[in-house]
Amino acid sequence: MRATAFMAGLPLVLLLFTPATAWWPTDPDTNLPISTAANPQMRPQLIGDGSGGAIITWQDHRSGSDYDIYAQRVNANGDTLWPADGLAICTAAPSQYYPQLVGDGSGGAIITWQDYRGGIYIDIYAQRVNANGDTLWPADGLAICTAASDQSYPQLIGDGSGGAIITWQDYRSLSNFDIYAQRVNANGDTLWPTDGVAISTAAYNQQNPQLVGDGSGGAIIAWEDSRSASSYDIYAQRVNLNGVLGPVPHIVSIGDVPNDQGKQVLILWDRSYLDAPEYQVITYYSIWRRHLGGSKIASIGELWEGNLPKDSSKLVYRRIERNNGFGETKIEYWEFLGSVNAHFFEGYAYIAPTLEDSSASGIPYFTFLVSAQTTNLFVFWDSAPDSGYSVDNIDPAKTQVGILASGSAKGSVNTLCLSWEQVTTGEDGSLEKGPINYRIYCDEDPSFTPEPGNLLATTSDLDFSYTDARIGDPVANLFYVVTVIDGSDNESAVSNRVGEFDKALSDSK
């Protein structure tokens, strides 16, 4: 029995004490080797892989002649997951230095570095590698900037869409270092101007940039700056996801104008920071509504050339090309609505027209943007687009049903004839924008409530005839009301009630 018990317990003991995988060393004199290839490996940088491990990159001299860029992934247990001694990210001749990296949101990384392959000058390249160790962009890296002279010391952040924003110090002016930046999407398409957007080109040197995300797909970049010519200071700049620098107005809200007949919204926006006494750069704001018919607006409108139209009756439009972050360009058309002069106010408002109101059939949203304009016709800053919808808040006025044939609604046998007054205003006296329709309800109960079950018809006419076997029957004695329906499906109060045989009810309102 003891032998049986011992043999039965043996597999359990082996199962409990047989390791399933490697573990991180416990001896501080041992540690985990990431790369022990020949010659020096230097300047490691790393990020978490999202699963408890890390992706590590470094510059590597294993070739014995040039420095290259390698990377390795290690999991939470201390297992290296890519080729022994690291995955080659770039081995182009001659050398690559100072790699930096950021996660791609999918378990991989985007790595950038400064690169000497162009000869004596330094350029900026980048590569994306997925969680399995596959490089996804061109072999030996994607060119981020190959402008004249040196670009060096890149830094980067993720853009929230699988791509990255990369910034660096740039000597293309051949006189001073400046700060430039570029955004690249997950597919390896650069989204901003070729060789980058100028972030700072002030006098003297701007160097050693660092950046963080701005929460909206853009970045805030800071650097050390010697423009004072006496010492280094710290400056910063925001650039949005489209590569536009900071002084854009910000739309706070787009909401319905209350207690009106609809087809208009109230746009509220915060000023550009350049709309202030110390700058006096912004002269006015122009307001635009997106137009969905590009070919139509181009055929009937006038292309905006940076100035306001002299003839306000003209339809003026802009054509804007936007990159969606995945290498696809989208063309948008925007119709000019109006302008508001700049007065150094903290915020501004504009009542903008819509083309239709929300109703029971749906809520049509309209998209707007606000542009901060300057005295230079071609220097302006667009807000991010935002949308809203309008509501017709005013019910139409009620109608009065006409009294026919001794005060009763009458016609030939079994046929009813009704007529009523035309309605063109709301219950507050404001003009209805239409179209106007009328609903006719009928019931044998003189105190009935109009509802779908007793709706006879809807018409845009001012009279109505129909046939019913109960018409003319004193026992049935039908009663009628009419309501008014405006273009937003608002329904008026009921008209006076009309009964076939009850003169008192026919005259009641």
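Read-outs: derived from the displayed coordinates by stated rules, not from any lab. All of these numbers come straight from a predicted model, not from anything done at the bench. In this analysis, Cβ positions are derived from the backbone assuming ideal geometry, glycine residues included, and neighbour counts consider all displayed protein chains.
About its Cα centre, what dipole magnitude does the stretch 153-250 give when the only charges are +1 on Lys and Arg Cβ and -1 on Asp and Glu Cβ, stated in debye to the nearest 20?
80
Using alpha-carbon pairs under 8 Å, 6+ residues apart, how would you state the relative contact order of the stretch 415-507 in percent? Don't skip to the end; give the middle numbers.
Values: 161 pairs, mean separation 28.7, N = 93.
Relative contact order of the stretch 415-507: 31 percent.
Please give me the summed charge of the neighbours of Val239: other residues whose Cβ is under 9 Å from its Cβ, Lys and Arg +1, Asp and Glu -1.
+1
Where does the stretch 211-257 land on Rg/Rh, using Cα atoms and the Kirkwood Rh?
1.20
Non-local amide H neighbours of Cys90 (under 5 Å, H modeled in plane, Pro and chain starts lacking H): which ones?
Hits under the 5 Å cutoff: Ile69.
If you scale each eigenvalue of the Cα gyration tensor by 5 and take the root, what three semi-axes come out for the stretch 415-507, rounded to whole angstrom and sorted largest first?
Details: eigenvalues 126, 34, 27 Å².
Ellipsoid semi-axes (Å, largest first): 25, 13, 12.
So how far, in whole Å, is the C-alpha centre of the stretch 136-176 from the one of the stretch 39-62?
19
Over the chain, what is the relative contact order in whole percent, taking alpha-carbon pairs under 8 Å and six or more residues apart?
After rounding, I find 8 percent.
Just the ratio, please: alpha-carbon radius of gyration of the stretch 7-239 over 2.2 N^0.38 Å, N its number of residues.
Normalised Cα radius of gyration, the stretch 7-239: 1.18.
For the Cα atoms of the chain, what angle does the longest principal axis make with the long axis of helix 2-17, in degrees from 0 to 90, nearest 10?
On a 0 to 90 degree scale, this one is about 80.
When a footprinting reagent is the concern and you count Cβ atoms within 10 Å, what order do Glu335, Glu302 take, fewest first?
Glu302, Glu335
Given the DSSP H assignment, sum -39500 (n - 2.57) over each helix run of at least 4 residues in the chain and divide by its residue total; what's the result at 222 nm in deg cm²/dmol, nearest 500? Display every interim value, and only then the final one.
Numbers: 3 runs with 28 residues, N = 509.
That calculation yields -1500 deg cm²/dmol at 222 nm.
Rounded, prolate or oblate: which fits the chain when a ≥ b ≥ c are the square roots of the eigenvalues of the alpha-carbon gyration tensor, with rounded for a/c under 1.5 and prolate only if a/b beats b/c?
Oblate.
Per-residue counts of other Cβ atoms within 10 Å, averaged by peptide: what ranking do you get for 238-250, 419-431, highest first?
Working: 238-250: 18.9, 419-431: 14.6.
Top of the packing list down: 238-250, 419-431.
If we count every other residue with Cβ under 13 angstrom of Arg62's Cβ, Lys/Arg +1 and Asp/Glu -1, where does the sum land?
Cβ neighbours under 13 Å give a net charge of -4.
With a Förster radius of 45 Å, plug the Cβ-Cβ distance of Glu427 and Glu302 into 1/(1 + (r/R0)^6) and report the FRET value to the nearest 0.05.
0.65
Which order do peptides 381-394, 269-282, 443-456 fall in by mean Cβ count within 10 Å, highest first?
Packing order, densest peptide first, comes out as 381-394, 269-282, 443-456.
If amide hydrogens are placed 1.01 Å from N in the peptide plane, which non-local residues have theirs closer than 5 Å to the one on Ala131?
Gly108
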